[in-house]
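Participant: Here you go, one structure.
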Amino acid sequence: MGLTRIAIQRPVFILMVFSAIIVMGLVAFTRLNAELYPRVNTPVVTIITTYSGASPEDVERLITKPLEDAVAGIADLDYLQSSSTEGVSTIIVTFTDAANPDLAASDVERRVSAVRGQLPQDADQPSVLKVDIQSLPVLYLALTGDMSLDQLYQLADDVVKPRLETQNGVGQVTIQGGLQREIQVQFDPAKLRGYGLTVDQVAQAIARENQGVPGGSVERGPQQMNYRLYGLFQSAAEMLELTVAST
């Protein structure tokens, strides 16, 4: 009743109040910040662990379950979502909005490190990844042409990717798809047994010889030249000269 009485007795005062509200609203509206890609903190952490050769049941029992038990007691945890496939364990840890994304990722990483000794020794180190909206791709480019998939991949890696990385505002360029050239080494089990060798010995010999190492530096007057011993295999034929073991 008091507000109604004032509105009837002092209409000019009420008009000035509403006018002031409208003016302040317009000023506030013009000063609102608008961003195309605003920063969003998403409290989601993903744990990825690879265990080559393991069945989904073994991955679930030996990796996924111990990791879930380790992170289940973290504060501000909302829910856990996991999947166990052949050789790969993926756990998605979602926190409530009250959680700090940076602290949440640190807590998850600390809990995972604490149970690392309970995981199989031949399993890879679990990777703890924090979901960052700012790092998601904002542009996808498709490369097509009258070339094979390996030639298209080489073109994208040697020409397209370096040019995109030099542009202002580009953070990272990732290539997906295509075929990357590789050399597959196939073994004859009977010959390996005849020479008294194992597959691990051959793999270690290939990794040992297929690398480049620094060769030191040489000073020539005001110049200093660095040398590098380039020992990478250039073709499959060069691998035929590889010495696996000697007596």
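The values are calculated or read from the model by the stated rules, or taken from the named source; none is laboratory data. No experiment lies behind these values; they were computed from the predicted model shown. FYI the Cβ positions are ideal-geometry reconstructions off the backbone, even for glycines, and counts take in every protein chain you see. Calculation scope for accessible area: heavy atoms of the full protein, side chains included, ligands and nucleic acids excluded. Shrake-Rupley method; radii C 1.70, N 1.55, O 1.52, S 1.80 Å.
Participant: Select, from Ala99, Ala54, the only residue that is closer than 30 Å to Val138 by Cβ and open to solvent by less than 80 Å² (accessible area, probe 1.4 Å). Give the derivation first.
Facilitator: Details: Ala54 fails: closer than 30 Å to Val138 by Cβ.
None of the others qualify; the one that does is Ala99.
Participant: Filter segment 17-32 down to the residues that are assigned to a helix (DSSP H, G or I), open to solvent by 90 Å² or more (accessible area, probe 1.4 Å) and more than 20 Å from Ile6 (Cβ to Cβ) and list them by number.
Facilitator: Met24, Leu26, Phe29, Thr30, listed by residue number.
Participant: Here's a follow-up. If only one of Val128, Val112 is under 23 Å from Pro56 (Cα atoms) and part of a helix (DSSP H, G or I), which one is it? Can you show your working first?
Facilitator: Numbers: Val128 fails: part of a helix (DSSP H, G or I).
Answer to the selection: Val112.
Participant: Oh, and also: Would you check which residues across segment 208-219 are outside any helix (DSSP H, G or I) and in contact (Cβ under 8 Å) with a residue 12 or more places away in the chain and list them?
Facilitator: Of the residues in segment 208-219, the ones outside any helix (DSSP H, G or I) are 210-219.
Once the filter is applied, which keeps residues that are outside any helix (DSSP H, G or I) and in contact (Cβ under 8 Å) with a residue 12 or more places away in the chain, segment 208-219 yields Asn210, Gln211, Gly212, Val213, Pro214, Gly215.
Participant: For segment 160-170, give me the residue count where each residue is open to solvent by 80 Å² or more (accessible area, probe 1.4 Å) and either under 26 Å from Gly231 (Cα atoms) or assigned to a helix (DSSP H, G or I) (or both). Steps first, answer last, please.
Facilitator: Initial filter on segment 160-170 (open to solvent by 80 Å² or more (accessible area, probe 1.4 Å)): 163, 165-169.
From what's left, either under 26 Å from Gly231 (Cα atoms) or assigned to a helix (DSSP H, G or I) (or both): 163, 165.
Total satisfying the criteria: 2.
Participant: Anything in segment 62-87 that is modelled with pLDDT under 90, farther than 23 Å from Thr42 by Cα and not hydroxyl-bearing (Ser, Thr, Tyr)? List them, or say none.
Facilitator: The answer is Glu86, Gly87.
Participant: Now, a different point. Could you tell me whether any residue of segment 37-45 is in contact with a Ser or Thr (Cβ under 7 Å, 6 or more places away or on another chain) and under 18 Å from Val115 (Cβ atoms)?
Facilitator: no
Participant: Just one of the numbered conditions (1) over 20 Å from Ala54 (Cβ atoms); (2) surrounded by 12 or more Cβ atoms within 10 Å (Cβ to Cβ); (3) touching a helix residue (DSSP H, G or I) at 6+ places or on another chain (Cβ under 9 Å) is not true of Ser83; which one?
Facilitator: (1)
A quick yes/no check of all residues on (1) closer than 21 Å to Ser52 by Cβ; (2) in a helix (DSSP H, G or I); (3) touching a residue at least 24 places away in the same chain (Cβ under 8 Å):
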| residue | (1), (2), (3) |
| --- | --- |
| Pro120 | yes, no, yes |
| Tyr140 | no, no, no |
| Thr144 | no, no, no |
| Asp158 | no, yes, no |
| Gly178 | no, no, yes |
| Gln186 | yes, no, no |
| Lys191 | no, yes, no |
| Gln201 | yes, yes, yes |
| Ile206 | yes, yes, yes |
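Participant: Please find, within segment 171-194, the residue that is nearest to Met239 (Cα to Cα) out of those that are more than 33 Å from the chain's Cα centre (by Cα) and surrounded by 10 or more Cβ atoms within 10 Å (Cβ to Cβ).
Facilitator: Of segment 171-194, the ones more than 33 Å from the chain's Cα centre (by Cα) are 187-194.
Going one step further and asking which of them are surrounded by 10 or more Cβ atoms within 10 Å (Cβ to Cβ), we end up with 187, 192-193.
Working: Phe187: 13, Leu192: 16, Arg193: 20 Å.
Selected residue: Phe187.
Participant: Within segment 125-136, count every residue that is open to solvent by less than 80 Å² (accessible area, probe 1.4 Å), out of contact with any Gly (no Cβ under 9 Å at 6 or more places or on another chain) and either at pLDDT below 85 or not polar (S, T, N, Q) (or both). Outline the logic, then answer.
Facilitator: Going through segment 125-136, the residues open to solvent by less than 80 Å² (accessible area, probe 1.4 Å) turn out to be 126-128, 131-134.
Now drop any that are not out of contact with any Gly (no Cβ under 9 Å at 6 or more places or on another chain), which leaves 126-128, 131-133.
Those still in the list that are either at pLDDT below 85 or not polar (S, T, N, Q) (or both) too: 126, 128, 131-133.
Qualifying residue count for the region: 5.
Participant: Filter segment 59-78 down to the residues that are in a loop (DSSP other than H, G, I, E, B) and either of a type in the set (Asp, Glu) or closer than 16 Å to Gln125 by Cβ (or both) and list them by number.
Facilitator: If the condition is that a residue be in a loop (DSSP other than H, G, I, E, B) and either of a type in the set (Asp, Glu) or closer than 16 Å to Gln125 by Cβ (or both), then Asp76 is the only one that fits.
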